[in-house]
1. In degrees between 0 and 90, to the nearest 10, how far off the longest principal axis of the chain does helix 18-36 point, with axes built from Cα atoms?
2. Under a plain spin-label model, where a point goes 7 Å from the Cα along Cα-to-Cβ, how far apart in nm are Ala72 and Arg33?
3. Put a dot 7 Å past each Cα toward the Cβ at Leu18 and Arg49; how far apart are the dots in nm?
4. With an 8 Å cut-off on Cα pairs and a minimum separation of 6 or more residues, tell me the relative contact order of the stretch 1-90 in percent.
Amino acid sequence: MFASVLILDLRLPHADSLKAKRAVITPILEGARRRHRVAVSEVGHQDNRQRSELAFATVASAEKQAREVLDAVERFVWSFPEVEVISARRGWMEEES
């Protein structure tokens, strides 16, 4: 079993309020959840209108599967012109026998 998390630090340059921020972030979170069947959450910068940190998690039977899912999620987020990806990092957990 392989569990992996992708954490993206985003900049939302045109969000002038927290409501505007949510209008951008919600379709990303819901779309990733629906399309890629990952667990998602905003995990940082909740009170900053022009920043957001999003986490996407998946579990798979093979490392390749988990990597492919998170690659697709990352491409999905990059497809949103309203956000700038500042950084992306991944974490892995491998089942110990």
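Rule-based calculations on the coordinates, nothing more; no lab input. What you are looking at is a predicted structure, and each value in this text was computed from that prediction instead of being measured. With ideal geometry, Cβ positions are generated from the backbone for all residues, glycine too; neighbour counts draw on all protein chains shown.
1. 20
2. Computed distance between label sites Ala72 and Arg33 equals 1.8 nm.
3. Calculated label separation equals 1.2 nm.
4. Working: 152 pairs, mean separation 42.4, N = 90.
That works out to 47 percent.
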